[in-house]
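Report on one structure; see the data block that follows.
The values are calculated or read from the model by the stated rules, or taken from the named source; none is laboratory data. What you see is a predicted model; the values in this text were computed from it and never measured. Backbone-built Cβ (ideal geometry, glycine too); neighbour counts: all protein chains shown.
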Amino acid sequence: MSLATPDKNWWQPLDKDEKMWLKVCLLVALGLFLMMPLFHLYGKQNPPTRSYRVEPAQYKELVDKFIEENAVRDEDGDIVDMEGIPVVEPKEGVKDIYLLSQKWMFTPILKLKKGVEYQLHMSSLDLNHGFSLQPKNINFQIVPGYDQVLKITPRDSGEFYIICNEYCEIGHHTMIGKLIVTE
Amino acid sequence: MSAEEHDVSGTKVLCFVWLAWFFFLYATNWMALSENWFIG
Amino acid sequence: MSNHANEFRTCPATGLKVHMPAERLMYVYAVTAVVCLLLGGVMAILLALTRWPAIHLLPADLFYRFLTAHGVNMLIFWVVLFEMAGVMFASTVVLSNRLPAPKFGWLNFILMFTGVIMVNYTIFTGGADVLFTSYVPMKAEPNYYLGIILFAVGAILNCVHFLITLVIGRKEGYFQGSLPLFSYGIFIAVVIALFTLLAGAATYIPVWLWSLGVIPSIDAELYRLGFWGFGHSAQQINLAAMVSIWYLLGTLTVGSKPTNEKFSRLAFLLYLFGINLGSVHHLLVDPGLSNSFRVFNTSYLMYAATVGSMMHAFSIPSSIEIAQRAKGFTKGTFDWLVNAPWKEPGFSGMFLSLIIFGFGGGTTGVTQGTEQINMMIHNTLRMPGHFHVTVVGGTTLAFMALTYYFLPLVLRKNVIGMKLATAQIWIFGIGICIMSTGMSFAGILGVPRRHWDVTFADAIFQVPFSATATTMLGVLGIGGVMAFVGLLMFCLIAAISALNPKSMPAKMESHTPQYAKN
């Protein structure tokens, strides 16, 4: 009776099946526990751990400078854009690349090289946003006031989409960016 | 009272079916991670 | 204490003494809870029909507004109000104890009720389109935060009332010895509730002041940490309450008794110590956490609670199996289960809730809560796919099943149509499973949660989600419709039964403390 006061001496030894199951539970928990540090040491893929505090205005300056220096330009020297968003191809040797999120766009459109390692910085000018790379389906949180740095090595070429998957008010479902990977 | 043995064979089957299902889910999820872009 | 002797009635089925002031309070809590469930349910069906691409019912602004209302009414109001009735039940009726301060109880109810009204009014007048999580710097009107604070304060005080009831009851001699297992489980839920609600107050009070302009800014990441200290821990109250209810329904339907009190109680204790730190798994792909902290947090601190759940998962079916075998269902391995009282909503609800939570919610939770796998699921539809089989298919289903016993035993109302009630349990349970399956597979394909239009028709680029993803959103919709039918049936059965002016007559009997020292 789970409704009745138990016998006074309810601290009783477990029977054989309970002991068996308890051992199974502890073994499972131990296995799950070991999986965490082991994957960090030997696994191919872990979440990023570098992040910095950054004021939105400060971050905007970094992004503007990055776009200015690395933007793809036409013959007249004007920045090439897609749907009004500048296209940026990091110059040879540029490791730190920047993505700016604000209501309701990602800037710039990054053009990366397959197999090259980059440090991708992400932050927001206003609200929380989501970084969801499709169709790879890898997701991170973008939080204003913080610059989160992802170590990224594109392993496939083609066009990918960055969709915002954190609600950011009424235009949330229109917030989308693009990422192009060339051979 | 608890020291007496009961037949709980049905429960054991249920629990181990559950365990098998859990391992399946856990393992397939880890496997889905292997070929990706981000290395922390 | 003889001045309270005449405030008791005797429950004809169990012989337990029911303190009448507690009965009235439990009634108002339960009724308000079901009203919130209905409101949240109406929101739910509108949302499901919007995410079903073939229908895409609501406009964007209403979608996000109703999503806010759905989250708050279901995840906070419905479950917490029902639990408030539950904690009162566990501390009075189960122990044949009296409620020491009914007026204090009413004050708490009024606080919580005011909170419910304020929050819903603000949401539906468009003052809080911030979703359940209201991540700063997104801002709602001050009354939204104040409503939640009032609700939380009422709940904290009610939890304190629970503890006072136990202390006074024991002192006056209404009960002695260890608490019954059900009350012990609820006690664990109350302790979890106290630190959860304090985290809630510590998070919402600064945000309320910020929305009033008193505090200039709130750190966005710190808010996320504080919010989940409240938002996730709140689900652990549900977990502890749900498991307690499984034990209770096992006793009520097949007369099972815990196989080993020590085993079950240690499992509850693991919830208390292990589970609160699980909150941080919402932040696994956020900036700000170090690797070592992520490992520390996601590994054994979370698995302590997992061990607790696995222990219950063995203890509850085995107690049922033993009770059934004692009745003569000894053939083979599963004769006891096949011949269980499936026609009783209590048994069907309990077992279905256990299976849905165990196979669906628990396994996906442990898997998705690891930091690497979290990168694949964060903010995709797999997230709601997970928690709809924990807090809906698990907790809500268990609460529904209990309601069919709560009505006659505690509120003295005849339940209309027990057969209908059993059907309701199955329709709701299966509907939720279908819906969660749709959500999970759509999420695996990358479909985001909390998103009005995954075709991106109004956006600059269109994402070509596969036809399978669209189909899975349809599965979500179909499951949602089915679950909504189940939910409506529940609300109708509960409302018609509860609002029936004819109560079963109360068998008033004088009751004085059995173990009074004098």
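Of note:
- Hey, C:Leu38 assigned to a helix (DSSP H, G or I) and crowded, with 22+ Cβ neighbours inside 10 Å or not: no
- Of the criteria (1) on the phi < 0 side of the Ramachandran plot; (2) crowded, with 17+ Cβ neighbours inside 10 Å, which one C:Arg450 fails: (1)
- Within segment C:210-235, the only residue that satisfies the criterion of being more than 21 Å from A:Asp126 (Cβ to Cβ) and surrounded by fewer than 18 Cβ atoms within 10 Å (Cβ to Cβ) is C:Val214.
Every residue, every condition in (1) within 13 Å of chain A (Cβ to nearest Cβ); (2) small (Gly, Ala, Ser), yes or no:
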residue: C:Phe334; (1), (2): no, no
residue: C:Asn339; (1), (2): no, no
residue: C:Glu344; (1), (2): no, no
residue: C:Gly360; (1), (2): no, yes
residue: C:Val366; (1), (2): yes, no
residue: C:Glu371; (1), (2): yes, no
residue: C:Ile377; (1), (2): yes, no
residue: C:Thr380; (1), (2): yes, no
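- Residue selected from segment C:442-464 under the condition among the β-branched types (Val, Ile, Thr) and in a loop (DSSP other than H, G, I, E, B), by the criterion modelled with the lowest pLDDT: C:Val463
For every residue, the table says whether it meets (1) under 17 Å from C:Pro448 (Cα atoms); (2) touching a residue at least 40 places away in the same chain (Cβ under 8 Å); (3) outside the structural domain of A:Pro154 (by TED's automatic domain parsing).
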{"site": "A:Gly77", "(1), (2), (3)": "no, no, no"}
{"site": "A:Lys91", "(1), (2), (3)": "no, no, no"}
{"site": "A:Ile97", "(1), (2), (3)": "no, no, no"}
{"site": "A:Phe106", "(1), (2), (3)": "yes, yes, no"}
{"site": "A:Met122", "(1), (2), (3)": "no, no, no"}
{"site": "A:Leu125", "(1), (2), (3)": "no, yes, no"}
{"site": "A:His129", "(1), (2), (3)": "yes, yes, no"}
{"site": "A:Asn137", "(1), (2), (3)": "yes, no, no"}
{"site": "A:Val143", "(1), (2), (3)": "no, no, no"}
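- Pairs where the first residue, in segment C:282-295, is under 15 Å from C:Met375 (Cα atoms) and the second is aromatic (Phe, Trp, Tyr), C-beta under 6 Å, 6+ apart: C:His282/C:Trp228; C:Val285/A:Phe140; C:Pro287/A:Tyr146
- In the set (1) part of a strand (DSSP E or B); (2) surrounded by fewer than 22 Cβ atoms within 10 Å (Cβ to Cβ); (3) more than 8 Å from chain C (Cβ to nearest Cβ), the condition left unmet by A:Asp147 is number (3).
- Number of the condition not met by A:Gln102 [criteria: (1) surrounded by 23 or more Cβ atoms within 10 Å (Cβ to Cβ); (2) touching a residue at least 24 places away in the same chain (Cβ under 8 Å)]: (1)
- Residue count, segment C:338-359 (criterion: more than 24 Å from the chain's Cα centre (by Cα) and within 25 Å of C:Phe268 (Cβ to Cβ)): 1
- Subset of segment A:105-137 that is surrounded by 22 or more Cβ atoms within 10 Å (Cβ to Cβ) and touching a helix residue (DSSP H, G or I) at 6+ places or on another chain (Cβ under 6 Å) - its residue that is farthest from the other protein chains (Cβ to nearest Cβ): A:Pro108
- Beta carbons closer than 8 Å, at least 6 apart along the sequence or on distinct chains, never pair a first residue in segment C:342-358 that is surrounded by fewer than 24 Cβ atoms within 10 Å (Cβ to Cβ) with a second that is acidic (Asp, Glu) and in a helix (DSSP H, G or I).
- Hits in segment A:154-173 - residues which are crowded, with 19+ Cβ neighbours inside 10 Å, among the β-branched types (Val, Ile, Thr) and within 9 Å of chain C (Cβ to nearest Cβ): A:Ile163
- Output for segment C:8-19, where each listed residue is surrounded by fewer than 17 Cβ atoms within 10 Å (Cβ to Cβ) and either aliphatic (A, V, I, L, M) or at pLDDT 95 or above (or both): C:Ala13
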